[in-house]
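Reviewing the structure listed below.
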Amino acid sequence: MKLKNLLILAVPAFFWAACSSDSESSPAQPVVTPEISSASTADPTIPTDPSNPTDPTNPIVESSASVDGVPLSSDAGSDPVDPAVPFVPEELVYDTIGFADIGNAFRTVAPDEKVVFIMRHAERESGVGREVPLTDNGKLQAQSVGQKLISADEFVYAHTAYVRTKETACNIALGRGQVQVCDDSFVSDTISQLTGGWFVKNEDLRDQYVAETGKDTNTSVIVSLWAYDGQFADAFYDLEERSLEVINTYLIKDYAEMPKAKVIISHDEFVVPLIAWATNKTASIRYHRGRWWVNYLTGLAIIVNSKNEVRYIGIKGLETATE
């Protein structure tokens, strides 16, 4: 498991789909990056010791907690933490491409740590417009993820300005037992910037590369080739700078201001570059290799301790991290 130490800034409240992605992909308006202090960012190293079970490069059998569809029945972690009992984190179990089940990742969060789960939405109906909702199966998928996150901890929710991302967040809350129905009473934040356009610097140039690369190419291929192999870089912002900017501006705050857990629901072309950067590309969802793409409810766990140190885990909410 990788650890990156980076400054967390206190900020205000803040399947291949033919030639399309989850969201409208116009570039997001650049946000002025908050001033960063002299605190340094550690250069992460990747564990390679085969005896280390948390090494993403050391394939391990997938956790049996993974489910695609029908919610699990589980009350794991639902009791309040007894301070007299030492916390023993669950062993992280990575699959062959570097992802751990979200429930497994959640059970590694220590009492002095807080977590943000940023994920792609659940299965949607055909189309990519803002009003496209989840399928019935997508609602069940999201509820099954909520079942894996049942606990006495405080959970809050955020999503983009798309119906399917809000529905995903609400159905996760429903699976946790926080809400009884998904309707307008669901309390959540909307963060419209968290779409694929966040990383795009020049949309016309990106689309030009799509046209020039071949008939089987779409924007998702270009995003993957950029995030994992550094191609078409002039169409995108710097991956590290833009990832740190979105993390410090929208995803996490200073430790004292954070709830115990937050679920943020976004889109494929947003989470893919973020996963590539945060995991040093060890969580592999290269679209152009084997023609797989990030699955629904796959994303990243961002875990912050009381010293404002951050660690990242590639997570999957369903049985597999790729479609």
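Looking at region 210-310, which GluC sites (Glu not before Pro) are DSSP coil and have at most 11 other C-beta atoms within 10 Å of their C-beta? The qualifying sites: there are none. Here region 211-323 is described by how far its Cα atoms reach on the three principal axes: 50, 34, 21 Å, from widest to narrowest.
Between the beta carbons of Ala152 and Asp216, assuming R0 = 41 Å, the FRET efficiency works out to 0.25 to the nearest 0.05. Taking 19 Å as the cut-off for C-alpha to C-alpha distance, list the pairs among Lys253/Lys307; Lys148/Lys281; Lys253/Lys316 that go past it. Check vs 19 Å cut-off fails for Lys148/Lys281; Lys253/Lys316. Once the convex hull of all Cα atoms in region 269-323 is built, its volume per residue stands at 81 Å³. Taking 0.36 nm per residue of sequence separation and removing the Cα-Cα distance, the Glu125/Asn305 pair yields an extension gain of 61.0 nm. Probing with 1.4 Å while keeping every protein chain in the model, the per residue accessible area of region 224-323 equals 28 Å². The label-point distance for Lys260 and Glu240, in a model that sets each label 7 Å from Cα toward Cβ, rounds to 3.6 nm.
In region 187-217, which trypsin sites (Lys or Arg not before Pro) are in a loop and have at most 14 other Cβ atoms within 10 Å, using DSSP for the loop call?
Lys215
Ranked by the mean number of other Cβ atoms within 10 Å per residue, highest first, peptides 165-174, 271-280 order as 165-174, 271-280.
The values are calculated or read from the model by the stated rules, or taken from the named source; none is laboratory data. Small disclaimer: the values here were computed from a predicted structure and weren't measured. Cβ atoms come from the backbone with ideal geometry, glycine included; neighbour counts cover every protein chain shown. Just the protein is used for accessible areas: all its heavy atoms, side chains included, with ligands, DNA and RNA removed. Shrake-Rupley method; radii C 1.70, N 1.55, O 1.52, S 1.80 Å.
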